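Structure, as structure tokens:
Taken together, the values in this text are just the output of simple stated rules run on the coordinates, not laboratory data. If you're wondering where the values come from, they're calculated on a predicted model, not measured in any experiment. Neighbour counts run over all protein chains shown; Cβ positions are idealised from the backbone, glycine included.
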Amino acid sequence: GQSLEQPSEVTAVEGAIVQINCTYQTSGFYGLSWYQQHDGGAPTFLSYNALDGLEETGRFSSFLSRSDSYGYLLLQELQMKDSASYFCAVRNRDDKIIFGKGTRLHILP
Amino acid sequence: NAGVTQTPKFQVLKTGQSMTLQCAQDMNHEYMSWYRQDPGMGLRLIHYSVGAGITDQGEVPNGYNVSRSTTEDFPLRLLSAAPSQTSVYFCASTKMGNYGYTFGSGTRLTVV
């Protein structure tokens, strides 16, 4: 089977840094991706990691360790508009893209 | 470019009725998929397609059919609606080898 585990909720303060973790178990692995979804909206793509290491895109960074089946999304200089749900997703050898259940990020002023 | 277009945005069905959710993309994406989103359950894959004429089942395919006669269109059919199919449905697409989805705006379906 396959599964992705991520915390259901995370709370952080405006201006701070927060890390959202994702561990996965899948049949074959072709990369870990991250999405953001605001209430009432559609998910939007943030980042993708196929190889080990850190990928940086502005205030957002994503990390992957294939040997540990683990990745995280790092959000820096948090802004109130970053309050949203964040999903990790993996693509397996059957070309299925499977999502985790999502992490709700609460930001305090 | 319109991206991924889903219709309708809202729909109420009676138990036992059938309907088709439409999805079209104008980005020449080979890969298209349907997800349903329920509170606390994340996005669950219903069906997906890696190209015209090819479809496959996802995690929760029961009660749904799909077809992919063209690259652009990927309709989702509910055969006999049940209250358990009340959900928000998202269509998404991407190029093969590119792992960043573009999502449609969603269809909020209620089955009474």
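Summarising the overall dimensions of region B:56-99 from its C-alpha atoms, the Rg and Dmax are 12.4, 37 angstrom. Any idea what diffusion coefficient the protein assembly as shown gets from Stokes-Einstein, in µm²/s, Kirkwood Rh on alpha carbon pairs, 10 °C, 1.306 mPa s? Here the translational diffusion coefficient equals 89 µm²/s. The smallest convex shape that holds all Cα atoms of region A:21-109, its convex hull, gives 94 Å³ per residue.
Counting every pair of alpha carbons in chain B, the share spaced more than 15 Å apart comes to 60 percent.
In loop segments of region A:38-79 as defined by DSSP, the GluC sites (Glu not before Pro) with at most 12 further C-beta atoms inside 10 Å of their C-beta are A:Glu77.
Looking at the calculated P(r) for region B:3-47, what percent of the C-alpha pair distances fall above 12 Å? Tail of P(r) above 12 Å: 73 percent of Cα pairs. Of the cross-linked pairs A:Lys101/B:Lys95; A:Lys81/B:Lys95; A:Lys101/B:Lys9, those separated by over 26 Å at the C-alpha level are A:Lys81/B:Lys95.
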